Amino acid sequence: MTFTLTNLGEVARTLGHYDEARIYYEESEALLRTSGDRGDMARLVHNLGYIALHEGDNVRAESQFRESLVMFRQLGNRRGIAECLAAFGGLKARQGEPKWGAEMLGAAQTLLQATGGAWWPADRSRWS
């Protein structure tokens with residue numbers, strides 16, 4: 001159920017329907033808090049960071065991205081770490097630090113390629 005809700009949130013976010021995405025993410029979050037699934041929770045916390053970023057709440061976005069980075073590092077999830085680096089890159093570019101942002105996006109791309117992965121559609125639409 002949480003996987004489906006989170007993915008529905010991803011589809012909504014890709015389409016630019018952030019209010020709808022938030023609803024799906026928050027429903028998933030309520031279920032994940034009781035299930036203890038750390039991997040899906042890390043992904044969800046990361047996604048909520050994008051909602052905050054869209055809403056212009058850079059402080060909350062950074063907090064969400066930091067929390068998810070810690071979780072992905074504890075899990076050894078290199079793909080998740082790459083996604084967090086990309087999120088920080090976008091956030092820093094948005095805050096007027098384009099050089100720092102570009103370096104973070106470059107590091108994220110390098111790490112993602114090392115895992116053999118590709119950007120999720122919702123994330124690809126953010127950075128391409």
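Structure above, values below:
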quantity	calculated
Residues (in a helix (DSSP H, G or I) and over 15 Å from the mean Cα position of the chain (by Cα)) located in region 6-19	ASP19
Residue within region 20-33 that is open to solvent by less than 40 Å² (accessible area, probe 1.4 Å), within 17 Å of ILE81 (Cβ to Cβ) and assigned to a helix (DSSP H, G or I) present	no
So LEU105, is it under 20 Å from ALA21 (Cα atoms), at pLDDT below 95 and in a helix (DSSP H, G or I)	no
From ALA42, ALA12, ALA61, residue being in contact with an Asp or Glu (Cβ under 7 Å, 6 or more places away or on another chain), closer than 27 Å to ALA93 by Cβ and not charged (D, E, K, R)	ALA12
Matching option when the condition is outside any helix (DSSP H, G or I) and at pLDDT below 95, among ALA118, ALA114, ALA86	ALA118
Filter result for the condition that a residue is out of contact with any Pro (no Cβ under 9 Å at 6 or more places or on another chain) and open to solvent by 50 Å² or more (accessible area, probe 1.4 Å), over THR4, THR14	THR4
Test: residue in region 42-49 that is touching a residue at least 12 places away in the same chain (Cβ under 8 Å), basic (Lys, Arg) and either part of a helix (DSSP H, G or I) or open to solvent by less than 50 Å² (accessible area, probe 1.4 Å) (or both)	yes
Of all residues making up region 107-121, the number that are in contact (Cβ under 8 Å) with a residue 12 or more places away in the chain and among the small types (Gly, Ala, Ser)	4
Answer residue from region 79-112, given it is within 16 Å of VAL45 (Cα to Cα) and charged (D, E, K, R) and is surrounded by the fewest Cβ atoms within 10 Å (Cβ to Cβ) among those	ARG79
Residue under evaluation LEU75, criteria (1) buried (at least 19 other Cβ atoms within 10 Å of the Cβ); (2) closer than 21 Å to ALA118 by Cβ; (3) in contact (Cβ under 8 Å) with a residue 24 or more places away in the chain, criterion not met	(1)
Residue within region 62-71 that is at negative phi, modelled with pLDDT under 90, out of contact with any strand residue (DSSP E or B) (no Cβ under 9 Å at 6 or more places or on another chain) and buried (at least 19 other Cβ atoms within 10 Å of the Cβ) present	no
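The values are calculated or read from the model by the stated rules, or taken from the named source; none is laboratory data. Everything numeric here is computed off the predicted structure, so don't read it as measured data. Ideal geometry is used to build each Cβ from the backbone, glycine not excepted, and the neighbour counts take in all protein chains shown. The accessibility values were calculated without ligands, DNA or RNA, using every heavy atom of the protein model including side chains. Shrake-Rupley method; radii C 1.70, N 1.55, O 1.52, S 1.80 Å.
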